[in-house]
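Worksheet: the structure to be examined is printed underneath.
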Amino acid sequence: MDTTKTPAPNAAEADTTPADLEKAETPQPAAAEADSTATDEVTDADLDDEAFAEDLSEDREPSHVGSAAFAIVAAGLGAVALSGSWVAGIVSERASVAARLELTQAADANAQIAAQFVDPWHTTAMVNGIFSALALIIAIFVLALPAFSSPERTLPTWVRSVSWAGIGLGALGVLLFVLMYFDLLLAVPKAAGAGV
């Protein structure tokens, strides 16, 4: 029985000489270097994509949701200050009751007028003045906010418009507060023939 193996007719003959082995091993490090270069390129490409995404997120305009909300609040406070508020009504009624309780039986007509009308009038003016001042402060804060964060970013046009409306309403409310509180708008009525 013959135990030697014969190579297959289609198979390439295997050379086992040391020179052939060195030639066969030479392409493997080159292939490994090519794989590592490809890996480095993919890593650099990934880093470039991440840097590009960060640049896009930095270039994206902010939503200005907070600024818009504060602008609307400022305009609303200014409108409430001019039209009168629920809080002003309650505080005015409380001032009227407190002033009446302090009256005596012998109080003259001017003291009664002051207790029933003037004190509530001044209290209402003060509450509306506080709302107007808040509207003014918030609207100015909204308009000045981009200057403190980053000057190149500007607010949307409608947010600036609502803020300017809040400033106008707030300034008008503060003016009316001064005129009402110091009785410059309407004189306090006096009872005829009563002692001053």
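Once phi is turned into θ = phi - 60°, what whole-Hz ³J(HN,Hα) does the Karplus curve with 6.51, -1.76 and 1.60 give for every residue of the stretch 64-78, x standing for Gly and Pro?
6, 5, x, 4, 5, 5, 5, 5, 5, 4, 4, 5, x, 5, x
Once you sort the root eigenvalues of the Cα gyration tensor of the stretch 103-196 as a ≥ b ≥ c, which label holds: rounded (a/c under 1.5), prolate (a/b larger than b/c) or oblate (the other case)?
prolate
Looking at the stretch 102-196, which chymotrypsin sites (Phe, Trp or Tyr not before Pro) are DSSP coil and have at most 11 other C-beta atoms within 10 Å of their C-beta?
Phe182
Since every read-out is calculated from the coordinates, none of them should be taken as a lab result. Predicted model only: the values in this text are computed from it and were never measured. Backbone-built Cβ (ideal geometry, glycine too); neighbour counts: all protein chains shown.
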